[in-house]
Amino acid sequence: MNKNTSKGRILLSLTGLDPDVWMRELTRRAPERAVVFEPDGEADASIEYAVVWKPKPGALAKLPNLKAIFSIGAGVDHVFSDPDLPDVPIVRAVSEDLTARMSEFVVWQVLDHHRLGPRYRKQQVERIWEEDRSQPAASEITVGIMGLGELGTDAAAKLRCIGFNVSGWSRTPKSVDGVTCHAGADGLGPFLAGADIFVVLLPLTPDTREILAKDLFARMTRRGPLGAPILINAGRGGLQNEADILAALDSGQLSAATLDVFQQEPLATDSPFWTHPKVTLTPHAAATSVPISLIAPMVTQMEAHDRGEPLVNLVDRKAGY
Ligand code: NDP
Ligand code: OXD
């Protein structure tokens, strides 16, 4: 226990995010706990909780009183990538704010492709006045969502409101109002054959690594109203075989892609994705985690856990998400 505070300390271990804004919000919301960027030695007994984004490998390994790890992201591959991860509960970020931001991104990108945004922006640059009168209605298009979890389910509901048909694919069977649900290896074929725009909101796990590859693209239909399918990946870059995506775009197997995430982030300045005419690229910005919406529920959970109440939004270590 820290001398100056009545409760166990919080370790804030972040890579690639501004630590000060997270520190400020944690300090404001958890005034009875000291918050530190580094433990006092690797066996610091005063630390009870860790709030992390891409924590330094080994940073959590030997903390003897660590009770739980809180991920600043909905995805937890950044936590599992630590080979010395201690065996304590991991809580991931689930919030209305994060979900709403992701659904905005999905709706934005689906509509942009559906309403020929890339084509009309190019025409504007070239001063070409030419309307495509074969524009299908939303009701003629099926959006297939890979990953029907917190984010996928909300995006599905919002796409349904606009009039799209929506299907989804998950690991375990699901029933979602108005959504044609497929699950597991057996459900993948019909799912891929039945959609025109694919939105990827899967976690990165050993089972999903590089799932977005040529074999999968070959199973997608090319007979829908859009011709070749469109890929929108806002899940993780590790889901992508990037050479296969480029080849599929170049061969016409995919007609376009929106990629928010990449195998290597930041994306190398010489990556072909920057200038590919069929690619819309965003810098892992689909749904930003913001301290004001995530820290208060984390601190509430710490207090509840100290009272012996169960943690929510726990990661299933075996499933990897
Ligand atoms: P959830 O855990 O709620 O949902 C994950 C979904 O993926 C579930 O439907 C799950 O199936 C499904 N799934 C997992 N493994 C498989 C598999 N092997 N085969 C088929 N389906 C599978 O996660 P969230 O919806 O909260 O987040 C999804 C991901 O989005 C995060 O892991 C993160 O990587 C990414 N993300 C990206 C952001 C960005 O800014 N780009 C921001 C936030 C999140 P089941 O329902 O059966 O469990
Ligand atoms: C997340 C992310 O996982 O921002 O929440 O990528």
HN-Hα couplings for segment 151-164 via Karplus (6.51, -1.76, 1.60; θ = phi - 60°), in whole Hz with x for Gly/Pro, come out as 7, x, 5, 5, 4, 4, 4, 6, 5, 4, 4, 7, x, 6
C-alpha long axis of helix 19-29 to longest principal axis of the chain, angle in °: 60
So for segment 145-241, averaging the separation of alpha carbon pairs under 8 Å that are six or more residues apart and normalising by length, what relative contact order in percent results? 26
How large is the Rg to Rh ratio of segment 1-124 when both quantities use alpha carbon positions and Rh follows Kirkwood? 1.16
If we sort 280-290, 142-152 on the protection proxy, mean other Cβ atoms within 10 Å, highest first, what's the order? 142-152, 280-290
Give, in whole angstrom and from largest to smallest, the semi-axes √(5λ) of the equivalent ellipsoid of segment 96-175, with λ running over the eigenvalues of the Cα gyration tensor. 29, 14, 9
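Looking only at Cα atoms, what is the convex hull volume of segment 241-294 per residue, in Å³?
Spelled out: Cα convex hull of segment 241-294, divided by residues, is 97 Å³.
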List the residues, sorted by chain then number, that are 5 or more residues from A287 or on another chain and whose placed amide H is less than 5 Å from its amide H. none
I'm a student and want to see the number: the projected area of the Cα convex hull of segment 229-321, averaged over all directions, in nm². 8.3
Short version: ³J(HN,Hα) in whole Hz for each residue of segment 269-282, in order, from phi by Karplus 6.51 cos²θ - 1.76 cosθ + 1.60 (θ = phi - 60°), x for Gly and Pro, what are they? 5, 9, 5, x, 5, 4, 10, 5, x, 9, 10, 9, 10, 10
Relative contact order of the chain, pairs being alpha-carbon contacts under 8 Å that are 6 or more residues apart, as %: 15
Within a Gaussian network of the chain (alpha carbon springs, distance under 10 Å), most fluctuating of L17, L204, L66: L17
The Cα extents of segment 67-213 along the principal axes, largest first and rounded to whole Å, are 61, 35, 30
Under the 7 Å Cα-to-Cβ spin-label approximation, V88 and D306 lie apart by a distance in nanometres of 1.4
Value of Rg to Rh for segment 157-289 (Rh from inverse mean 1/r over Cα pairs, i.e. Kirkwood): 0.95
Of every Cα-Cα pair in segment 29-101, the percentage lying beyond 18 Å is 40
At 0.36 nm per residue, minus the direct Cα-Cα distance, what do V290 and A61 gain on full extension? Give it in nm, one decimal, please. 79.8 nm
State the three equivalent ellipsoid semi-axes of the chain, derived from the C-alpha gyration tensor as the square roots of 5 times its eigenvalues, in descending order and whole Å. 40, 20, 18
Return a whole-number percent for the relative contact order of segment 173-305, with Cα pairs under 8 Å and 6 or more residues apart as the contact set. 19
Just to confirm the number: angle between the C-alpha axis of helix 291-306 and the first principal axis of the chain, 0 to 90 degrees, nearest 10? 50
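Every number in this text was worked out from the coordinates using simple rules, so none of it is lab data. Since we're looking at a predicted model, the values are computed, not measured. Neighbour counts run over all protein chains shown; Cβ positions are idealised from the backbone, glycine included.
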